[in-house]
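Visitor: So that we are looking at the same thing, I have put the structure below in structure tokens.
The values are calculated or read from the model by the stated rules, or taken from the named source; none is laboratory data. Please read these numbers as outputs of a predicted model, since none were measured by experiment. Neighbour counts run over all protein chains shown; Cβ positions are idealised from the backbone, glycine included.
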Amino acid sequence: MTAVLIAPIVACEVGFWCLLGAGLVARYAMRLPRTSAVLLAGAPVLDLVLSIASVLDLRSGSAAGAAHGLAAAYIGFSVGFGSATLRWADQRFAHRFADGPPPERPPRYGQPRARYEWRLWRRALLGRTVACGLLGLAIVAVGDAGRTAHLAGWVNGLTAAC
């Protein structure tokens, strides 16, 4: 893996959870809804930071590797499941610390469960599409099949996962 790109991936993951926690504390414990909104809106900015780090690493001449594929998958997951993750955390935080209603539970049986599972699959498909789009853009932007061969394997793996 490209060691240069591992640090931004880890920093973005840690940053996401820190922004999420700070945003929920601001919303429920400190009663600062605007501050909370700004903090929570910062989460997608981390995806932009990771994209820029990945592009800069590729433009510096390094061969695309697992770290670049992981960065694309991370961004795809963030796009596909980011809002659901925020909603999941918000419900649990509100219930635990702000006397909110119990968190929603997914349906257990029948058509409601099937609709729930299809929604999750659509989110996964969106994340896969974003990740594969980013990988495809990287392959085209670099223009060197030798340096980007590893990314095609990520496209195949992400496609098989959906």
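Visitor: Any idea which of Gln91, Gln111 is in a helix (DSSP H, G or I), polar (S, T, N, Q) and touching a Pro at 6+ places or on another chain (Cβ under 7 Å)?
Guide: Gln91
Visitor: What number of residues within segment 26-47 are part of a helix (DSSP H, G or I) and over 20 Å from the mean Cα position of the chain (by Cα)?
Guide: So the count comes out to 7.
Visitor: Further question on the same structure: So, Gly76, is that one over 22 Å from Ala11 (Cβ atoms), touching a residue at least 24 places away in the same chain (Cβ under 8 Å) and either part of a helix (DSSP H, G or I) or not basic (Lys, Arg) (or both) or not?
Guide: No.
Visitor: Also, quick follow-up: Would you mind telling me which numbered condition in (1) modelled with pLDDT under 95; (2) charged (D, E, K, R); (3) part of a helix (DSSP H, G or I) Glu104 fails?
Guide: Single failed check for Glu104: (3).
Visitor: Let me ask something additional. Which one of the conditions (1) closer than 22 Å to Gly157 by Cα; (2) surrounded by fewer than 16 Cβ atoms within 10 Å (Cβ to Cβ); (3) in contact with a helix residue (DSSP H, G or I) (Cβ under 8 Å, 6 or more places away or on another chain) does Leu58 fail to meet, given that it meets all the rest?
Guide: (2)
Visitor: OK, next. Quick check on this structure: which one of Ser83, Ser60, Ser78 is of a type in the set (Ser, Thr, Tyr) and within 22 Å of Asp144 (Cα to Cα)?
Guide: Just a single option satisfies the conditions, and that option is Ser60.
Visitor: Which residues, taken from segment 80-93, are within 21 Å of Gly21 (Cβ to Cβ) and in contact with a helix residue (DSSP H, G or I) (Cβ under 6 Å, 6 or more places away or on another chain)?
Guide: Result: Phe81, Ala89, Phe93.
Visitor: A follow-up question, please. If we scan segment 126-134, do we find a residue that is free of Cβ contacts under 8 Å to residues at least 24 places away in the same chain and either surrounded by 12 or more Cβ atoms within 10 Å (Cβ to Cβ) or over 17 Å from the mean Cα position of the chain (by Cα) (or both)?
Guide: Among the residues of segment 126-134, at least one is free of Cβ contacts under 8 Å to residues at least 24 places away in the same chain and either surrounded by 12 or more Cβ atoms within 10 Å (Cβ to Cβ) or over 17 Å from the mean Cα position of the chain (by Cα) (or both), which makes the answer yes.
Visitor: Okay, next question. If I ask for residues that are of a type in the set (Ser, Thr, Tyr) and either in contact with a His (Cβ under 7 Å, 6 or more places away or on another chain) or buried (at least 17 other Cβ atoms within 10 Å of the Cβ) (or both), which ones from segment 135-162 would you list?
Guide: Within segment 135-162, Thr148 is the sole residue that qualifies.
Here is a yes/no grid of residues against (1) crowded, with 19+ Cβ neighbours inside 10 Å; (2) under 19 Å from Ala141 (Cα atoms):
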{"position": "Ala7", "(1), (2)": "no, no"}
{"position": "Gly21", "(1), (2)": "no, no"}
{"position": "Tyr28", "(1), (2)": "yes, no"}
{"position": "Leu39", "(1), (2)": "yes, no"}
{"position": "Ala71", "(1), (2)": "yes, yes"}
